[in-house]
Amino acid sequence: MITTHQVCEIKIVQQEATLALALAGDWVLDADTPSLEPLLKQMLKDSSINRLVFSTDALGRWDSLLMTDLIRIIDRGAHEGIEVDLSTLPEGIQGLLSLVYAVPERLDAKRHDTKRPWLELIGDGAISAVHEVSSLLTFLGETVLSVGALVRGKARFRMIDLWINIQDCGPSAVPIITLISFLIGLILAFVGAIQLALFGAQIYIADMVGLGMTREMGGFMAAIIMSGRTGAAFAAQLGTMQVNSEIDALKTMGFKPMEFLVLPRMLALILVMPMLCFYADLMGIIGGSLVTVGFFDVSVLEYFDRTADAIHLKDLIVGVTKCSVFGVLIALSGCMRGMQCGRSASAVGKAATSAVVTCIVFIVIADSTMTLICNRLGV
């Protein structure tokens, strides 16, 4: 059904100091409305006008379009000191206009972009840092209390949750761990082979790949993968529960969120990360063997025999210890950001992003510290 409109128009009649506006036709959104610019310019230029009246005898249907135009006219009249008589307008329009001007606009309501002083930026950064440290210490304290409850046998969580988290953190992560670790071993072999081949020492590629994977790269790359995969997942899961008020419901029912939600996730990563580290080491060594055997005059037996001679038990222990510490840091970072999440969908995304960043920062700091300690101890 096609709706037809009466052509809307506005007639301007000036009688001495009074300006009369006659509104006619249908003032609706899909109508072809006349321009108000001539009227507004006349109100601006003609200083003899001190009063404005309306005539709506021929006015048809109207909607927000008419209201918008009337507000522009009234605001221009107020700016030029012209008295605007609204008594001849329909009661509906008068009621809406009274609502519009019931509360005047605040002078500082509009947003202004201002350049903040550098001292203020430093202060805000310091306050934010103090708040982050305080939140971290609080979360660590609650985690220690939860672990203490677990040691005493009083921690309350479901074993099925622990097994589900082990499944998510362990077997489900094997494919990506396989691919990345294999490629890392392959890259290490290529990088070392470029220099070792100059001296005819290709057999020592096995030493470099084996030690590099077991002491450092195996556990480190597994931790980086798990921070992006599992740390973000923990933050998103707990953040969504925060948005849906599920954590508040647990508190209401007498459950401690740290024991019921955080502890199973942390235990799962602690149990899984050493096995993932061993698996990553193995896949890295296999990747290195592919390059060494395939491109250089080294047999498979020679490669793995040299690898077994190069790797000692302490190297495996160092790598597994690092990876276990990384697992604790990933669980703490992901769960902490999830528990600190706000109450909106965007807050869940920010929590997941922040969890990944926090995990990686903590992993790099912990790895540097443990490497320095091992170097000083001669391990």
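Brief remarks on what is shown
- Qualifying residue in region 132-144 (condition: farther than 25 Å from Phe278 by Cβ and among the aromatic types (Phe, Trp, Tyr)): yes
- Among the residues listed as Val325, Val348, Val361, the single one being touching a Cys at 6+ places or on another chain (Cβ under 8 Å) and among the β-branched types (Val, Ile, Thr): Val348
- Among the candidates Ala233, Ala155, Ala189, the residue that is small (Gly, Ala, Ser), in the same structural domain as Asp309 (by TED's automatic domain parsing), farther than 30 Å from Arg343 by Cα and in contact (Cβ under 8 Å) with a residue 40 or more places away in the chain is uniquely Ala189.
- Against the numbered list (1) crowded, with 24+ Cβ neighbours inside 10 Å; (2) closer than 30 Å to Thr214 by Cβ, Arg337 comes up short only at (2).
- Residues of region 318-358 satisfying the condition of being of a type in the set (S, T, N, Q) and in contact (Cβ under 8 Å) with a residue 24 or more places away in the chain: Thr321, Ser324, Ser333, Gln340, Ser344, Thr353, Ser354, Thr358
- Residue list for region 3-31, filter: at pLDDT below 75 and touching a His at 6+ places or on another chain (Cβ under 8 Å): Asp30, Ala31
- Val348 aliphatic (A, V, I, L, M) and over 25 Å from Leu211 (Cβ atoms): yes
- Looking only at residues in region 187-222 that are surrounded by fewer than 22 Cβ atoms within 10 Å (Cβ to Cβ) and among the β-branched types (Val, Ile, Thr), the one that is modelled with the highest pLDDT is Ile187.
- Among the residues of region 250-302, the ones that are over 23 Å from Val144 (Cα atoms) and in a helix (DSSP H, G or I) come to 24 in all.
Conditions tested, residue by residue: (1) surrounded by 13 or more Cβ atoms within 10 Å (Cβ to Cβ); (2) in contact with a Cys (Cβ under 7 Å, 6 or more places away or on another chain); (3) modelled with pLDDT under 75.
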position: Leu39; (1), (2), (3): yes, no, yes
position: Asp46; (1), (2), (3): yes, no, yes
position: Val53; (1), (2), (3): yes, no, no
position: Ser64; (1), (2), (3): no, no, no
position: Ile73; (1), (2), (3): yes, no, no
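The values are calculated or read from the model by the stated rules, or taken from the named source; none is laboratory data. Worth saying up front: this structure is predicted, and the values here are computed from it rather than measured. Reconstructed Cβ throughout: ideal geometry from the backbone, glycine too, with neighbour counts over all protein chains shown.
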